[in-house]
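Here the structure is laid out as structure tokens; the discussion comes afterwards.
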Amino acid sequence: MAERFPAIFVSHGAPLLAIQPGPAREFLSGLGRTLGKPKAILTVSAHWESGDAAVSAVARPETIHDFYGFPDELYRIEYSAPGAPELAAQAKALLGENGIGARLHPTRGLDHGAWVPLMLMYPDADIPVAQLTVQTALGPAHHFRLGEALRGLRDQGVLILGSGGATHNLREFGRHPEGAAPPQWVTGFQEWLAQTIEGGKSDDLVRYRSLAPEAARNHPTEEHFLPLFVPAGAGSLGVAGKRIHRSHTFGILAMDAYRFD
């Protein structure tokens, strides 16, 4: 019988996470060993958005370098993990059984929100990976439902991995020196999030936009926060999870990670 895997949310920050040392990179580099090796991975990244649910079903996903202005070293990285067409088909079926229409995408590769954390967690690139879109216009409750519909995959040894940002306001980028203490508007939201998740307050989490301090300032748009709701919904205890990492980068990006068992 396959080992049951937790569902995980990680913050991927900037693409430089792949090559620059720091607390979040160190954490992710050890996370794969902590979790063990899953049978397959279904990842949800902030950098693949669509109006409806789509799942990549390509056999050999390309490494997408969806960024510009970074060191050449980043563009030479290839994460050559195999695709997971069977997992993609199963995810589509599970979503359909729960009233969520979904489609398979035959060519989509892995964007940096997926391959950067995966290359740190599982550098051997030998675990099949499928990717699910973020449907930004449909909001938190919809993404929580996605996780609930996909929860059974965990019993088959599948790791459900959300990749986004605990905070993500690039409009504030450069106003807060790297290495300085993060501003209160970041830490206030960050701690509200931890208390809400660890307290099992599912309704409050889904309503974060009106309840969390400085929610709109930390997430002017929601695409980097919505990947959190999929592993949260996939947790067996609802939203009750555990923060497994806390750090900051670039002064304003909270790099927190959460585990949902």
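The values are calculated or read from the model by the stated rules, or taken from the named source; none is laboratory data. Small disclaimer: the values here were computed from a predicted structure and weren't measured. Here Cβ is always computed from backbone atoms with ideal geometry, including for glycine, and neighbour counts include all displayed protein chains. Quick note on the areas: whole protein, heavy atoms, side chains included, nothing else; ligands and nucleic acids left out. Shrake-Rupley method; radii C 1.70, N 1.55, O 1.52, S 1.80 Å.
Side notes on the structure shown:
- Segment 1-44: number of residues that are in contact (Cβ under 8 Å) with a residue 60 or more places away in the chain, surrounded by fewer than 17 Cβ atoms within 10 Å (Cβ to Cβ) and not in a loop (DSSP other than H, G, I, E, B): 2
- Only listed residue being under 24 Å from G32 (Cα atoms) and among the acidic types (D, E), chosen from D111, D52: D111
- Residue within segment 80-87 that is without any contact (Cβ under 8 Å) to a residue 60 or more places away in the chain and part of a helix (DSSP H, G or I) present: yes
- Hits in segment 208-261 (condition: over 19 Å from N169 (Cα atoms) and open to solvent by 10 Å² or more (accessible area, probe 1.4 Å)): S236, L237, G238, A240, G241, K242, R243, I244, H245, R259, D261
- Qualifying residue in segment 21-31 (condition: of a type outside the set (D, E, K, R) and more than 18 Å from the chain's Cα centre (by Cα)): yes
- E172 meets the stated requirement of being at pLDDT below 95, under 22 Å from H47 (Cα atoms) and not hydrophobic (A, V, I, L, M, F, W, C).
- Residue selected from segment 188-207 under the condition free of Cβ contacts under 8 Å to residues at least 40 places away in the same chain and over 21 Å from G139 (Cβ atoms), by the criterion least open to solvent (accessible area, probe 1.4 Å): G188
- Condition met for Y79 (open to solvent by less than 60 Å² (accessible area, probe 1.4 Å), aromatic (F, W, Y) and at pLDDT 95 or above): yes
- The listed residue being touching a Gly at 6+ places or on another chain (Cβ under 9 Å) and farther than 17 Å from D111 by Cα, out of A53, A57, A7: A7
- Those residues of segment 204-261 which are within 15 Å of the chain's Cα centre (by Cα), in a helix (DSSP H, G or I) and not aliphatic (A, V, I, L, M), in sequence order: P227, F229, P231, G233
- Segment 45-76: number of residues that are in a helix (DSSP H, G or I) and of a type outside the set (S, T, Y): 3
- Scan of segment 107-159 for residues that are among the acidic types (D, E) and either open to solvent by 10 Å² or more (accessible area, probe 1.4 Å) or more than 21 Å from H219 (Cα to Cα) (or both), ordered by number: D124, D126, E148, D155
- Of all residues making up segment 114-160, the number that are free of Cβ contacts under 8 Å to residues at least 60 places away in the same chain, more than 30 Å from D203 (Cβ to Cβ) and among the aliphatic types (A, V, I, L, M): 1
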